[in-house]
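For reference, the structure discussed in these notes is given below.
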Amino acid sequence: MNNLFLADLINKLTKDEQEKIKHLHPVFAKMLAETLLQARDEKLNVYLFQGLRTFEEQDKLFAKGRNEKGEIVDKRKVVTYVKGGHSWHNYGLAGDIVFKDKNNRWSWRLSHNWQLLGEIGKDNGLTWGGDFRSFKDRPHFQYTGGLNIIEALIKYEKGGLEKVWMAVI
């Protein structure tokens, strides 16, 4: 991939987004940046909310709405159904794009045009969480590069993020 082209794309993002996107796999970062910019061209007020997460950050999100045993006690507070190591966020291959409201606050309201956002992401080669069967994760976009999550975890354990990224096609 042409790094100059990626740099040009990234420079069109906000400073906060630039900081987040630089920790993502370059192929995925390009797809995600294109999705963000095209969505904005369609007048969607969207921004990159989150990209790379550590296993520890993932485990903290998993704990929300659950007791010490991991059992769901408040479904309204559940953020994710996967622990650290089992999320594409942990490998820099997932990002959450979220709307902002008129007061510039993050907004996950269902009244936003999530469908259009999802279609734009899919047109850029991404998998959209809004198509997930069990848990509709509308802000979520990922690119697995031919890996499954267990392969990614094994590669990570053997050589860190670099080993996972080298396996992404």
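The values are calculated or read from the model by the stated rules, or taken from the named source; none is laboratory data. What you are looking at is a predicted structure, and each value in this text was computed from that prediction instead of being measured. Every residue, glycine among them, receives a Cβ derived from its backbone with ideal geometry; neighbour counts consider all protein chains shown. Only protein heavy atoms, including side chains, enter the accessible area calculation; ligands, DNA and RNA are left aside. Shrake-Rupley method; radii C 1.70, N 1.55, O 1.52, S 1.80 Å.
Residue check: is residue 37 modelled with pLDDT of 95 or more, within 27 Å of residue 110 (Cβ to Cβ) and crowded, with 19+ Cβ neighbours inside 10 Å? Taking the combined requirement at face value, the residue does not satisfy it.
One residue stands out in segment 106-125 among those that are assigned to a loop (DSSP other than H, G, I, E, B) and over 20 Å from residue 81 (Cβ atoms): the one that is most open to solvent (accessible area, probe 1.4 Å), namely 109. Among the residues of segment 86-100, those identified as of a type outside the set (Asp, Glu) and either touching a strand residue (DSSP E or B) at 6+ places or on another chain (Cβ under 8 Å) or assigned to a strand (DSSP E or B) (or both) are 87, 88, 89, 93, 94, 95, 97, 98, 99, 100. Here the condition is being loosely packed, with under 15 Cβ neighbours inside 10 Å, among the charged types (D, E, K, R) and closer than 29 Å to residue 159 by Cβ; of 20, 75, 60, 83, it holds for 60 alone. Taking residues in segment 68-94 that are more than 24 Å from residue 26 (Cα to Cα) and among the small types (Gly, Ala, Ser), and partners anywhere that are modelled with pLDDT of 95 or more and surrounded by fewer than 16 Cβ atoms within 10 Å (Cβ to Cβ), the pairs with Cβ atoms closer than 9 Å and at least 6 places apart or on different chains are 70/83.
Of all residues in segment 130-148, those that are touching a residue at least 60 places away in the same chain (Cβ under 8 Å) have Cβ atoms under 8 Å from Cβ atoms of residues that are part of a loop (DSSP other than H, G, I, E, B) and surrounded by fewer than 18 Cβ atoms within 10 Å (Cβ to Cβ), 6 or more apart or on another chain, in 139/108; 143/125; 145/169.
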